[in-house]
1. What dipole magnitude, in Debye to the nearest 20, does the chain give about its Cα centre under +1 on Lys/Arg Cβ and -1 on Asp/Glu Cβ?
2. Once you list every other residue whose beta carbon is under 12 Å from the beta carbon of VAL66, what net charge do they have if Lys and Arg are +1 and Asp and Glu are -1?
3. Which of the chymotrypsin sites (Phe, Trp or Tyr not before Pro) found in the stretch 1-43 are in a DSSP loop and have at most 13 neighbouring Cβ atoms, other than their own, within 10 Å?
4. Tell me which GluC sites (Glu not before Pro) from the stretch 7-82 have a DSSP coil assignment and no more than 10 other beta carbons within 10 Å of their own.
5. Diagonalise the Cα gyration tensor of the chain and give the resulting equivalent ellipsoid semi-axes, square root of 5 times each eigenvalue, largest first, whole Å.
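What follows is calculated from the coordinates using simple rules that are stated; it is not laboratory data. Not measured: the values here are computed from a predicted model. Quick reminder, even Gly has a Cβ in these numbers, built from the backbone with ideal geometry, and neighbours come from all protein chains shown.
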Amino acid sequence: MRGSIPTYWAQESSMTTPKPPILISRIDPTYQATQQHFADLFQRYSSPICVLDLVKHRERRPRESVVGRDFARALAYINGTLPWEHKIR
């Protein structure tokens, strides 16, 4: 399955700016949207759920890495609540 990162982020589309900045649009300390997304995946496919990170982390100007760091924090938070055998990999 391929998809967008399930956290609250936004990017303005612009004809004049080819790579507009990516902004975290809402602070969600318990990552409810991310938890709901993975709960749906667990229900559909069971565990283990494996995540392949295709986000750029080395950038001159941080864009994708901003949302990548937020997603990494979300996964760490969620994995902290899951038993070992169900942790997201």
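1. Charge dipole, the chain, about its Cα centre: 340 debye, nearest 20.
2. Every neighbour counted, the sum reads +2.
3. none
4. GLU12
5. 27, 13, 13
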